[in-house]
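These notes concern the structure reproduced below.
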Amino acid sequence: MAAGPQGSSSITGSVVAFPGGRSTGPLQVGFDRMELQRILDLYGRMVAAGLWRDYAMDFAREAASFSAFRRSAERPQARIEKRPALRGKQGMWTLFGEVGQVLKRGHDLSNVLSPLERKLLKVVED
């Protein structure tokens, strides 16, 4: 049935839901440009010091993580995780050690990376 210029059609204005439904949040968590720059800067200095050789990144719905390896066949020596759901609690950043222990948590990435930064400090004698 055709509708005239001022007439109405037999189809009413109904809204059809898009398949898949609405998501409640982002499809995955990621690092922004400044966060990734800070992490990769540390990674580069650790590689130059001979402490790390490889890395991996994982982006999931709940968290994003950066893992650094001494050798690619081993467990990560360090893992930096961003979990925005914890932003209001103990902080969205967590630093995990080689066996999965929590080394540091916080709201600021620089503070969470400080235990790794200390490994780069060398004592200089006069």
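Coordinate-derived values only; no laboratory data. What you see is a predicted model, and the numbers here were worked out from it, not measured in a lab. Glycine gets a Cβ as well: all are built from the backbone with ideal geometry, and neighbour counts include every protein chain shown.
Compared with the alpha-carbon gap, the fully stretched path from SER72 to LEU40 is longer by 9.8 nm at 0.36 nm per residue. Rounded, prolate or oblate for the range 33-118? Axes are the square roots of the Cα gyration tensor eigenvalues, ordered a ≥ b ≥ c, and the cut-off for rounded is a/c under 1.5. Verdict is prolate for the range 33-118. When the Cα positions of PHE69, LEU42, VAL102 are compared along the charge dipole of the range 33-118, VAL102 comes out farthest toward the positive end, with charges on each C-beta of Lys, Arg, Asp and Glu. Between the amide H of LYS104 and those of LEU95, distances stay under 5 Å, these residues lying 5 or more places away or on another chain, with hydrogens modeled in the peptide plane.
Applying a DSSP loop filter and a limit of 11 other Cβ atoms within 10 Å to the GluC sites (Glu not before Pro) in the range 63-113 leaves GLU74.
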